[in-house]
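Every number in this text was worked out from the coordinates using simple rules, so none of it is lab data. Treat the numbers as computed from the prediction; the structure is a model and nothing was measured. A quick note on method: Cβ atoms are made from the backbone with ideal geometry, for glycine too, and the neighbour counts reach across all protein chains shown.
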Amino acid sequence: MPWWFFRRRSRPAASQTAPAIASGWLPGEVALPRLQGPRRYLQEQPYLLPKDLGEVNRLDFQHYALRAALRGNYLAPIVQPHRILDVGCGTGQWAFELAQQFPQAQVVGLDLEQVKAATSPPPNYRFVQGDILQGLPFDNDSFDFVHQRLLFLAIPLPAWPGVVQDLARVTAPGGWVELAETGTALEDWHPCGQATQEFCRLAAQLASLRGIDTDAVPRSLECYLEEAGLVNIHGQRFAVPLGEWGGRIGSLMALNVCEGWKAISAPLAARFGKPEQEVLALIEQAHREWNEFHTSCHFAVAYGQKPLTH
C-alpha cells in the first residue's frame with residue numbers, strides 16, 4: 001500500500017474533513033522566545049519543551065525507560081494491524097519499533113517537525129508533518145491503531161476533547177486509540193519532598209499561561225475516549241521509580257525527568273523573576289529527594305476501540 005494512501009485527499013467529502021479544534025490559546029499570546037540561551041523553542045505553539053538536539057536525546061532515552069516500565073510499547077490488544085499512526089511521534093523511535101514489529105503494516109509518524117532524520121528508517125515507515133491542533137491530515141477510518149503519548153505539555157486543556165475525537169475519526173471501525181500521559185499533580189509524583197513539590201507548582205503555573213492544565217489530563221483520558229464514542233475502554237496507572245533506588249529503570253527515568261525539567265528552567269526563571277541557577281539548584285535538590293523518599297512518577301494509560309458500526 002503506498003504511503004500517500006494516508007494523506008487526506010485535496011478535496012475530501014464534508015464528512016471527512018478534520019474538525020476545527022478549539023485550543024483556548026492564540027499563537028504568540030504568551031510566546032516563549034524561539035531561541036532562549038542555547039535552547040530552541042517553537043514560538044507559534046503552546047508546546048513548552050524545546051525542539052533541538054538535546055531534546056532529541058532526552059526523548060530517545062525516555063522512550064527506552066517507558067518501554068521497560070510498561071514492558072512493551074503499547075497496551076491495546078491490537079492484532080496484526082495494517083495501518084498505524086503515532087501522533088506527536090517525536091524522534092520516531094516508537095514508530096520505528098512498531099514498523100519493525102509489524103512489517104506488514106504501514107506506519108506513519110506525525111509531528112510539527114521531523115526532529116531526527118533517520119539514516120535508515122524502516123521501509124514501511126513514513127513521516128508526515130502536521131499539527132494535531134489544526135486537525136489530522138488523514139481521511140476518516142484510515143488507521144487500525146492510533147497512538148498518542150505525553151502531549152500534556154503541548155495540548156491546551158480546552159482542545160483535548162476535540163483532539164481525541166479527531167484521533168477516533170481517523171481510526172478504522174474495530175481499531176484502537178491509545179493515550180499515555182502524566183502530569184504535575186502531587187499524586188503523579190509520590191511520595192516526594194519539598195523541592196519536587198515546588199518545581200511542579202512552578203511548572204504548572206508556567207503551563208497554565210498557555211492554557212495547559214498539567215493536573216487534569218492524566219485523570220481524564222478514559223472520559224475523553226468515551227466522549228469520542230469509543231467502547232471497550234480500559235485504563236491503567238503505572239508507578240515508575242525515580243532515582244538509583246529504582247535500579248536501571250529508576251536511573252533512566254530520573255535522568256529523563258531532570259533533563260526535561262532543565263529544558264524549561266530558563267523560561268521558568270524568566271517568567272517568575274528567578275535566577276536560572278536557583279531553578280537548576282531546585283532540580284538538583286529534587287533529584288536527591290527522589291532517592292530519599294523513594295519517589296515514583298505515575299503514568300496513566302488508557303485505550304478504547306472504535307465500534308464496528310458508528
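Span-like helices, the chain: DSSP H, alpha-carbon axial extent 15 Å or more, mean Kyte-Doolittle -0.5 or greater, which ones? Before the final figure, lay out the partial values.
Working: long enough: 53-70 (26 Å, -0.02); 194-208 (21 Å, 0.01); 247-263 (24 Å, 0.35); 276-293 (25 Å, -0.77).
For the chain, where a helix must reach 15 Å along its axis and average at least -0.5, the hits are 53-70, 194-208, 247-263.
Straight-line reach from K116: taking Cα to Cα under 18 Å and skipping same-chain neighbours fewer than 8 places apart, the lysines in range are K51. With R₀ set to 25 Å, the beta-carbon distance separating V231 from L70 gives a calculated FRET efficiency near 0.65.
Going by C-beta contacts inside 10 Å, put S120, S251 in order with the fewest on the left. Please report the intermediate quantities before stating the final value.
Numbers: S120 6, S251 16.
In order of increasing Cβ crowding within 10 Å: S120, S251.
The residue among F102, A203, A270 whose Cα reaches farthest toward the positive pole of the charge dipole of the chain, with charges on the beta-carbon of Lys, Arg, Asp and Glu, is F102.
Counting only helical runs of four or more DSSP H residues, what would the 222 nm mean residue ellipticity of the chain come to if each run contributes -39,500 (n - 2.57) and the total is spread over all its residues?
Working: 8 runs with 102 residues, N = 310.
The helix contribution divided over the chain gives -10500 deg cm²/dmol.
Starting with the fewest neighbours, write out V87, V177 ranked by other beta-carbon atoms found within 10 Å of each beta-carbon. Before the final figure, lay out the partial values.
Numbers: V87 22, V177 27.
So the residues, fewest neighbours to most, are V87, V177.
Between the C-alpha center of the range 87-161 and that of the range 216-271 there is a gap of 18 Å.
When Cα extents along the principal axes in Å is computed from the coordinates, the matching label among [x] 55, 43, 34; [y] 65, 49, 47; [z] 54, 41, 40 is [z]. Considering only beta bridges that DSSP places wholly inside the chain, some 50 percent are antiparallel. When the charge dipole of the range 46-305 is built from unit charges on Cβ atoms (+1 for Lys and Arg, -1 for Asp and Glu) and taken about the Cα centre, the candidate among L167, H82, C223 whose Cα reaches farthest toward its positive end is H82. Assuming charge only on the beta carbon of Lys and Arg (+1) and of Asp and Glu (-1), the dipole of the chain about its Cα centre is about 700 debye to the nearest 20. As a calculated quantity, the FRET efficiency between Q285 and S120 at R0 = 41 Å, using C-beta atoms, amounts to about 0.45.
Here I233, I155 are placed in order of increasing Cβ neighbour count within 10 Å, fewest first, which gives I233, I155.
Remark: spin-label model distance R248-Q104 equals 3.2 nm, labels positioned 7 Å along the Cα→Cβ axis.
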